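The values are calculated or read from the model by the stated rules, or taken from the named source; none is laboratory data. None of these values were measured; they are calculated from a predicted model. Methodologically, a virtual Cβ is constructed for each residue, glycine included, from the backbone with ideal geometry; neighbour enumeration extends over all protein chains shown. Each accessible area value is taken on the protein alone, full model and side chains, heavy atoms only, with ligands, DNA and RNA left out. Shrake-Rupley method; radii C 1.70, N 1.55, O 1.52, S 1.80 Å.
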Amino acid sequence: MTDRSPRSTRWFGVRAIEDIARDVRHSIRGFGRNPGFALAVALTLALGIGGNTAIFSVVDQVLLRTLPYPDGDRLVRVYESRLDRPGIRYSNGVSPANWLDWQRQSRTLGSIGIWFNVTQTLTGLGEPERINAQAVSWEFFRALGVTPLLGRGLSPEDDGPNAPPVAVISHRLWQRLFGGDTAVIGRKIQLNDVAVEVVGVMPPSFRFIYQDTDLWGPFRLDRNLPWRQVAGRFIDVVARLAPGATLSSAEAEMRSIADTLAATYPFNKNTSVALVPLREELTGQVRSSLIVLYLAVGVLLSIACFNVANLLLARAASRRHEIAIRMSLGAGRAPIVRQLLVESVLLAVAGGLVGLLLARWSLDALLALAPASLLRVPELYVDQRVLLYALSVSVLTGGIVGLVPALSVARRSLVARIHESGHRVSHSPWLRQSLVVAQVAMTIVLMSAAGLLVRTVIALNSTNNGLDKTNLLTMAVSLPNSRYADQRATEFISRAVESLRSLPGVESAGAANSPPVVGSVRGGTGFHRLGTPLPPPQEMPSTLVRVVAPGYFRTLRIPIVRGREFDDSDQTAGAAPGFIVNEAFAREYLSDLDPLTVSMSVRMQRDNPYRPIVGVVGDVSEGSIRGDARPTVFYSHRQMPEQTMSLFVRTAQPGALSRRAVEAIHQLDPNLAVTGIRTMEDAFGESIARERLNAMVSAAFALSGLLLASLGLYGLLAYLVTERTKEIGIRISLGAPLGRVMRSVIAGGFRLVGIGAVVGIAGSLVLGRSLESLLFGVE
């Protein structure tokens, strides 16, 4: 009768552990006798496991971790969408009037807060500096469910239109400017020349949408104004699902509310609502890229596994005599299989440890290639979750690659093994050849994907966006409203542009309210052409709007197609400059007219006077390098003064001029912070950080795969030649030309490469379609 007592079970468990420990000691001694083999396997697996661990760390922190808010998965961003253009959202935000109606009518959304991105000039604490901030409603922090580390959040009293100015600052700004002083609550800081009281400090982990936001102040929106008549859409909305509500139920309710508003107010005609989970909002830009990279590094790990499986097969074949003797002495197949599996797992764990070091270095490189603003995380690190993942992958990889030689051993009879022990006869050559074919096929898939992504970056860098970005320096200034209201802002920008033009080596200078292509732009603004019936506001054709100063088009080398550009006379007191439009505007709205004979009114100001079109300029991409030109109206800076302006300087050496350009601005006003100092080429490069990350990382994986596949092919051919040494010697002794023998060996290698190439090309054609969303300028 079998003894199944606890003592017997305990003895069996101890016995198994002792057997495995003995296998471990035996394996380590074997590696010491053949360190080159052990090192080759460990380094091969380190490459695959290290890359896999690095990308998993990014995927884990960006896509899998919980959001840094209580019940963060119940947070949604709320958009207004267009019924007449399904799937299209309003690019310029939400109407305050609609937000207020949502608050009153919705039962599925609990707290509904708003925010608006702004920049503030901080003075009085050293050099003036520009900090990124968000104007938020008092419901904002309640919707996110986050409370300050020190002090308090914003109250309804703070958010009134005439309330005293207060602010909540980030933990980073608190540490940097105040050294972590807990007495900071109640202190005043100067923002845009206004004294603002600090009422709270956020926790170090808090962030919202952007990593570099350092201050949150009350929006102070007047909730009694008739916003549908006063202004359009300009706020952003975040909300928390009410208890018991689901995303689908909230969407259904919000669409019903939108239908009611559309039937009540002409402003809301053809307008609905779209809810997007905040996680999707935060990761949408990089989600597809990270998934592609994770799949790519999985392919690389598979190539490494196939390579190691080939090496282990070769090692098992070289140990035929040893295994035959052990079996003849009574060793069963199970202990031998266990021994081989223990060896492969030990090698994989060693490779995993080296891979962790490689992963840690790779994460630093990834952050350098992809700034935190792209990945939406402040740092990348290897923590317990990543360590557990690396260990699991290492053990699983070791077990999988060890199964190949182990099963090969288990299938062979003792008689066959003893017979082979005296002859150099290769066993399972088809298996080793199949592994090499798989490596070649996967490498071609990786190289094809990398080639497509690299060509995308090349196409983005070389595409014509309608301007000349070379030798162009840009910077930004933001003028405090207390000192630069209305035409005083125009006068300062005119003097700033003139000062920049006078610097040695400067060809021209200009200004605009934001950089073209890579900057934001006002959109969705209606206009009316003089002499045509006046439609309701919601049925007016729409256009983007830019504000520019004289010299802008010449400096950026945007061609003047018809008429003229703005000049210095348009900036003088009493001047009444007209509009400039781009070719896209003329094509879409004035195709049957001479644009220079048209006068129109654009709904951007209180009076919205009719002004003539004085010029037509070439098209420039909008929104991104991938973007298309859209109908755009250009205001002269005197027509619509802006406090925040980007300055542009064309010079042969933009990098060398930056310091003198900043000094020229500070000579006009030493309390202004000059930010965003960079060349336009750098700005364009930063805008394609995601595409550059895809290309560089996938290219690194492809080259690594090519190296591993080449080594695998070399190892197989070398092994086959060794196995056929006696045969080759006999053929040569019988008169076979050495060249023919060499060609037969090389032909065998090319045959494997050819089969792998055919399979890999077929896989690449399928993969190419799945990459279409990441490609640009590639058929």
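With a 1.4 Å probe and every protein chain kept in, tell me what percent of the accessible surface of the stretch 221-267 is carbon plus sulfur.
57
Taking 7 Å along the Cα-to-C-beta vector as the label spot, tell me the T572-V395 distance in nanometres, rounded to one decimal.
Modelled inter-label distance: 8.3 nm.
Leaving ligands, DNA and RNA out of it, report the carbon-plus-sulfur percent of the accessible area of the stretch 633-779 at a 1.4 Å probe.
Summing carbon and sulfur atoms, their accessible area is 64 percent of the total for the stretch 633-779.
Report, to the nearest 10°, how far helix 247-264 tilts away from the longest principal axis of the Cα atoms in the chain, using its own Cα long axis and a range of 0 to 90°.
The two axes meet at around 20 degrees.
Using θ = phi - 60° and the Karplus curve 6.51 cos²θ - 1.76 cosθ + 1.60, what whole-Hz ³J(HN,Hα) does each residue of the stretch 695-708 get, with Gly and Pro shown as x?
For the stretch 695-708, the Karplus-derived couplings read 5, 5, 5, 5, 5, 4, 5, 5, 5, 5, x, 4, 4, 5 Hz, x marking Gly and Pro.
Lys/Arg Cβ at +1, Asp/Glu Cβ at -1, dipole of the stretch 16-140 taken about the Cα centre: which of S137, V59, L125 is farthest positive-ward?
V59
Which length gain, in nm to one decimal place, applies between E18 and S773 when the Cα-Cα distance is subtracted from 0.36 nm times their residue separation?
Full extension from E18 to S773 adds 266.4 nm.
Explain nothing, just compute: Karplus ³J(HN,Hα) = 6.51 cos²θ - 1.76 cosθ + 1.60, θ = phi - 60°, for every residue of the stretch 157-173 in order, whole Hz, x for Gly and Pro.
These are the phi-based 3J(HN,Hα) values: 5, 5, 9, x, x, 10, 6, x, x, 9, 7, 10, 10, 6, 4, 5, 5 Hz.
If each DSSP helix of 4+ residues adds -39,500 (n - 2.57) and the sum is divided by the residues in the chain, what number results at 222 nm, nearest 500 deg cm²/dmol?
The helix-only estimate for the chain comes to -17000 deg cm²/dmol at 222 nm.
Counting only other residues whose beta carbon sits under 12 Å from that of D236, what net charge do I get with K and R as +1, D and E as -1?
It works out to a net charge of +1.
Please work out the FRET efficiency for the pair R488 and N608, using the Cβ-Cβ distance as r and a Förster radius of 22 Å; give the result to the nearest 0.05.
Efficiency, from the Cβ-Cβ distance: 0.45.
At R0 = 56 Å, how high is the FRET efficiency between T246 and L530 if r is their beta carbon distance? Nearest 0.05 is fine.
After rounding, the FRET efficiency stands at 0.65.
With the Cα gyration tensor of the stretch 168-318 giving a ≥ b ≥ c as the square roots of its eigenvalues, does the rule (a/c under 1.5 for rounded; else a/b larger than b/c for prolate; else oblate) give rounded, prolate or oblate?
In terms of gyration-tensor shape, oblate.
Provide the gained length on full extension for the span Y714 to N34, in nm with one decimal, where the gain is 0.36 nm per separating residue minus the Cα-Cα distance.
242.9 nm
Give, in nm to one decimal, the length gained when the segment between V230 and N481 is fully stretched (0.36 nm per residue of separation minus the Cα-Cα distance).
Once the chain is fully extended between V230 and N481, it gains 88.3 nm.
I need the shape label for the stretch 458-547. Rule: rounded when a/c is under 1.5, else prolate if a/b > b/c, else oblate, with a, b, c from the alpha carbon gyration tensor.
oblate
Below 8 Å between Cα atoms, with a sequence gap of 6+, how large is the relative contact order for the stretch 103-262 in percent?
RCO, the stretch 103-262: 34 percent.
In square angstrom, what is the accessible area per residue of the chain with a 1.4 angstrom probe?
Value returned for the chain: 45 Å² of accessible area per residue.
For Kirkwood radius over Cα pairs in Å, which listed value, [x] 34.4; [y] 31.3; [z] 29.8, comes from the coordinates shown?
Given [x] 34.4; [y] 31.3; [z] 29.8, the calculated one carries the label [y].
Please give the helix 6-33 orientation as an angle from the longest Cα principal axis of the chain, in degrees from 0 to 90, rounded to the nearest 10.
Relative to the chain, helix 6-33 is tipped by roughly 90 degrees.
Gap in Å between the Cα centre of the stretch 387-409 and the Cα centre of the stretch 688-753?
For the stretch 688-753 versus the stretch 387-409, the Cα centre distance is 25 Å.
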